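Here's the structure we're looking at; comments come further down.
What follows draws every value from the coordinates through simple rules; no lab data is involved. Predicted, not measured: the structure shown is a model, and the values here were computed from it. When we count neighbours, we look across all protein chains shown, and the Cβ atoms used for this are built from the backbone with ideal geometry, even at glycine.
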Amino acid sequence: MYAAGMRKALSTVLAVSLLASLAGACGSDPPPPPNPPPAPAPTPTPTVATPEPTATVEPAKPEPTPEEKKKAEAAAKLAADKDKWASDHKAELARWTPEMHTAAKALAEKVYPSLKAGITAAMAGKHRMPGNAERDKFRHPLETLEHFGIKPNMTVLDVGPGTGWYTELLAPTLAMKGKYIGTSGDPNGPAEERSTFYANEWKDFLATAPEIYGKVETVVVDGKAPALNMDGKLDAVLVMRGLHGMVNRGNLEAWLGEWHKALKTGGVVGIEEHRAKDDADPKESSKKGYVPQKFVIESFEKAGFKLVGKPSEVNANPKDTKDYPEGVWTLPPSLELKDKDKDKYTAIGESDRMTLKFVKVAIKAEKPKAEAKPAAASEKPAMTAMPKPAGTAAATPPPAPIK
């Protein structure tokens, strides 16, 4: 019976073992794998020091040269002058009423019997830009133009008329019987050139009132190499406070040649110019806007002009000491120092100016040297003694005459 029980237990154990095997075959979780061997210790990576990034330093800009500074200052001043002119011109256009246009037309369509009649009427006109009439007491336009001998029937060239101070007076005076011409640079020239700016100022000025300036003619001239191409067409040339610029540019001689060609025989050049001290160097004083009177007279006479009468002192000003920080432009109307010592310079007034009248004369051509006069056919050539042949006896002298 014991044996039977042992067999029964053994059978139970075998059955259980068989069932466990079958369960593993049917997807039961396998027994956990044995523990893996430990991972080898990592090899230490050597640490390399990374340099700190160096800050980029901009190289210092070189200090501008004196020439570069001068150019930058000139550009800034030109820009400021353009802005001021744009503002002033806008105000000037707004100032012109229909009544002013009508009055200007009547002024230009009147025939004036004399220079005095025309200039007097123009001086009183409302067409004149604000402030211009205030300069009459310093510039004496009627007396100045009378000294030059200007008449209403003349063809007159105004060299460098600026913004038209004299144009306001001469354009209506010459409109019916004469002709008024102004020189100008090219308004379409380089924008950075001051001459282009001045040319556009002049163009805008004329366009303000076609009724009075419509007959004004403009001749475009290169200020560095002037050429008028107006041979023998002019009665008069006016250069009002502009001669110093020609001396500065070194082309006064070229201008003198052009004026001489453009004028009729007996034509006039009227000069009003800031007068330097007698002993001044023209090349230096012209940088300050002044030119010595003696130099001007000598230059004109050398170019075929003759001074007419004595220089007029109508525009003289003994208060002008001619030694200002900004040259002649320190004085009115420029007042380059603005409010600094403004009362002092206003009390001096405008500059001391020469007023000279020159007339064109024929340039004397050098006489050709006299050529040797050929001998006449009837004249006998002079006898030349012939040398004696060697070894020849001397000729026997003629016998004495019989008494």
Per principal axis, largest first, the Cα atoms of segment 72-360 extend in Å by 52, 47, 38
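Using a Förster radius of 41 Å, what is the FRET efficiency between A124 and T65 based on their Cβ-Cβ separation? Nearest 0.05, please.
Calculated transfer efficiency: 0.20.
Given R₀ = 41 Å, what would the calculated FRET efficiency be for A227 paired with E58, taking r from the Cβ atoms and rounding to 0.05? List each step's numbers first, then the result.
Numbers: r = 51 Å, r/R0 = 1.23.
Calculated value: 0.20.
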Pseudo-spin-label distance T97 to S334, built 7 Å along Cα→Cβ, given in nm, is 3.6
So, with points 7 Å from each Cα along the Cβ direction, the F138-K283 label distance in nm works out to 3.1
Reduced to Cα centres, the span from segment 118-159 to segment 333-355 in Å works out to 21
Note on segment 72-360, DSSP bridge orientation, antiparallel percent to nearest 5 equals 40
Extend 7 Å from the Cα of V111 along its Cα-to-C-beta direction; within segment 169-183, residues with backbone N under 11 Å of that point are 176-177
